[in-house]
Amino acid sequence: MQGKFITFEGGDGSGKSTQIKLLEEYLKVKGKDVITTKEPGGTPLGQELRRILLTGDVDKMDAKSEAMLFFADRRIHLTKKIWPALEKGQWVISDRFADSTKAYQYYGHNGRVSLPDLHNLYEISVGNFKPDLTIILDIDPEIGIKRSLNRAASAAVKEVRFENVDISFHKRLRQGYLEIAASEPERCVVIDANQSIESLHQEIIKEINKRLGI
Ligand code: TMP
């Protein structure tokens, strides 16, 4: 595959979507053919899974069911959109990928889905494919959740199933992201998201240039 696959990760309200837009513009100026996408819901079928996964009560399904549905969405996303784009030489930026499942369903849900189970789901759905670079935007969950709930207040569909879980869930998943990054430093970079939009964008560009050599 000739294109590059960049994923953005982080807690709710960490500013991923704003930064993805800015990075997309930057890469286009540099002459790259870029598409942006997201999980869950990067495909029409995935949009249906997104509604199921992100609306309603957190207890409507357990962590294992959640993990399986997120991986089903991911495999549809890969086969229908991500892999074909990479094969055409496009750069793909995704708002979340498999690290989200580890952070939310394993760390957040306190190990209620095991690491070996997640590993098996990854192999079945993704194989040995992985992102070229993962940017983890680190934010204090007290700040992030407030931002995310404010945004949801004006949205037609309230996708706040995870925002409504208690703050300790969000603290655990933040710690989880830091552990993921520490275990795969060649793929992951953690950036402090508690800074201005422009300075965060500049830090991201610096990492992209350093690691992907633009
Ligand atoms: P977002 O599109 O606003 O980031 O919302 C997606 C939500 O779904 C967010 O709360 C994180 C959660 N999520 C998981 O719990 N597991 C996953 O694998 C993915 C992709 C997202």
For segment 91-214, the accessible surface attributable to carbon and sulfur atoms (probe 1.4 angstrom, ligands and nucleic acids excluded) amounts in percent to 51 percent
Mean accessible area per residue over the chain (1.4 angstrom probe, all protein chains present, square angstrom) is 48 Å²
Convex hull around the C-alpha positions of segment 109-211: the volume in Å³ per residue is 142 Å³
Per residue, the convex hull enclosing the alpha carbons of segment 1-91 has a volume in Å³ of 102 Å³
Taking the chain and counting helices only, DSSP H stretches of n ≥ 4 at -39,500 (n - 2.57) each over all residues, the nearest-500 ellipticity at 222 nm comes to -15500 deg cm²/dmol
In whole Å, largest first, the alpha carbons of the chain cover along the principal axes 46, 38, 36
Once normalised by the length of the chain, the mean sequence separation of its alpha carbon contacts under 8 Å that are 6 or more apart gives a contact order in percent of 33 percent
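How large is the Kirkwood hydrodynamic radius of segment 77-153, in angstrom, based on all distinct alpha carbon pairs?
After inverting the pairwise mean of 1/r, the radius is 14.8 Å.
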Which of Leu115, Leu69, Leu23 fluctuates most in a GNM of the chain (C-alpha springs under 10 Å)? That residue is Leu115
With a 21 Å threshold on alpha-carbon distance, the violating pairs from Lys81/Lys171; Lys16/Lys130; Lys30/Lys130; Lys80/Lys210; Lys171/Lys206; Lys146/Lys171 are Lys81/Lys171; Lys30/Lys130; Lys80/Lys210; Lys171/Lys206
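With N set to the number of residues, divide the alpha-carbon radius of gyration of segment 1-44 by 2.2 N^0.38 Å and report two decimals.
My calculation over the Cα atoms of segment 1-44 gives 1.25.
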For segment 128-176, the Cα gyration tensor yields equivalent-ellipsoid semi-axes (√(5λ), largest first, whole Å) of 23, 15, 11
Taking N as the residue count of segment 50-119, its alpha carbon Rg divided by 2.2 N^0.38 Å gives 1.23
Note, segment 135-142: 3J(HN,Hα) by Karplus (6.51, -1.76, 1.60, θ = phi - 60°), whole Hz, Gly/Pro = x, goes 9, 9, 8, 8, 9, 4, x, 4
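The values are calculated or read from the model by the stated rules, or taken from the named source; none is laboratory data. Nothing here was measured: the structure is a model prediction, and the numbers come from that model. SASA here: full protein model, heavy atoms, side chains in, ligands and nucleic acids out. Shrake-Rupley method; radii C 1.70, N 1.55, O 1.52, S 1.80 Å.
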